[in-house]
1. Using modelled backbone amide H atoms (1.01 Å from N, in-plane), which distant-in-sequence or interchain residues come within less than 5 Å of Thr118's amide H?
2. Tell me the GluC sites (Glu not before Pro) within the range 84-121 that lie in a loop according to DSSP and have at most 12 other beta-carbon atoms within 10 Å.
3. Take every Cα pair under 8 Å in the chain that's 6+ residues apart, average their separations, divide by the length, and report that relative contact order as a whole percent.
4. With N residues in the chain, what two-decimal value do you get for its Cα radius of gyration over 2.2 N^0.38 Å?
5. With a 10 Å radius around each residue's Cβ, average the other Cβ atoms per peptide and rank 123-129, 183-189, 344-350, highest first.
6. Computed on alpha carbon atoms, what radius of gyration and Dmax characterise the range 192-339, expressed in Å?
7. Given a 1.4 angstrom probe, what's the average accessible area per residue across the chain, in square angstrom?
8. What's the carbon and sulfur percent of the chain's accessible surface, probe 1.4 angstrom, rounded to a whole number?
Amino acid sequence: MKKGKKITISVVVTLIGLIVAIIIFLRLRYGGGQEYTDISTAPKYSSSQLQEVIAFNEPIGNVAASKDTTQTTRVFFTIHPESRPETNKLMEIIDGEATPYPDASFQEKFNTILGVFTDQQNRLWIIDHGNHGFDPVKVIAFDLTSNTLVHEYSFPVDVAKKLSFFNDLSVSPDGKYLAVANVSFFGKKPSIAIYNLETGESKNQLENHSSVKHEKYVPVTPTKKMRFFGGVIDLLTGIDGIDFSRDGKYIYYAPMGHSGLFRIPTHIIADFTKTEEEVEAAVERVADKPLSDGIRTDFNGNVYITDIEHQGVYVVTPEGEGFTLIKDKRVQWADGLSITNGGTFYLADSDIPNQMLQSKKHIAKNAPYHIYKFEGVANVD
């Protein structure tokens, strides 16, 4: 055999070996998911109660409705960054139409915004994950009375690390603390980031604790099993949904690919002098839950959990009882929730199966994408 052919064969064999090694690495690190048990129940509320708020031509990210019951409810949403929006990224629904918020010129200042939240101080908060931590990870807030920017904070790089994914967020009822679910899908270091708005300090808590990690459950929706690249990579996701209790005493949180709903006392996790062991010891498993995305609490102590596999919303009562509240076949991926003080629920359907790792053509073909609401069910007793 000629020398040139030997070299060529050697190069090919080396490349094949490298490709196989990469596939094995990705499979071990990001694959191997298992299906989860269906714990959903017959829904307590009829699907007829689910009303369409808007049908939009780009995938919805998250939704936030104003909580002030003395004024007309205002509804805001982000365009999901996974869909690679090219112009507008934050919208307000006005007279049934989506309008850039606070205006069209501000949109270029946003990078990869996803989570949105309205607090009891009538502020709209937005988290920008900064391309998974490769750009500055920021949280900003607008005053909804004046529609002006009133707060902006960039997380330090030791908190918002490269390959982080700052996703859902919540603000304590007294407006002192902000909590962010750091999914860290690629970095594999999920955590809860706490930001003290009074001192300007922030810290990662519960990094890689079992309560913020997945249990290797891969979501299976009516559209598809969330498995990619020929089964090499599964959507195995840790902490996602997060919310303060309405009395501010606890932070409730839920990893997407985990069977449990957890909580931790606010005064423990927000005390940066506590040791890692002291914080971890304060974690409490509250109840079983479905594979989930967003969560929200109400004034009655209920925790509402979006059920991404069964097209609806699940609820865990203060007594730990769990059941399906509402479901509808129109919902493709029950993502984020927002609850007004008056008890109106807004549900973002991000339709993750039809936007994640999909082409712009595929995304456009599967439009529109939706936000729904259902009324007067804050008290499920």
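1. Ala65, Trp125
2. On the way: sites: Glu86, Glu92, Glu97, Glu108; in loops: Glu86.
Sparse-neighbourhood loop GluC sites (Glu not before Pro): Glu86.
3. Reported relative contact order: 18 percent.
4. This ratio for the chain stands at 1.01.
5. Packing proxy ranking, top to bottom: 344-350, 123-129, 183-189.
6. My reading of the Cα-based Rg and Dmax gives 15.9, 48 Å.
7. 42 Å²
8. C and S fraction of accessible area: 52 percent.
The values are calculated or read from the model by the stated rules, or taken from the named source; none is laboratory data. As the structure is a prediction and not an experimental result, all values here were calculated from the model. Every residue, glycine as well, gets a Cβ built from its backbone with ideal geometry; the counts of neighbours run over all protein chains shown. Each accessible area value is taken on the protein alone, full model and side chains, heavy atoms only, with ligands, DNA and RNA left out. Shrake-Rupley method; radii C 1.70, N 1.55, O 1.52, S 1.80 Å.
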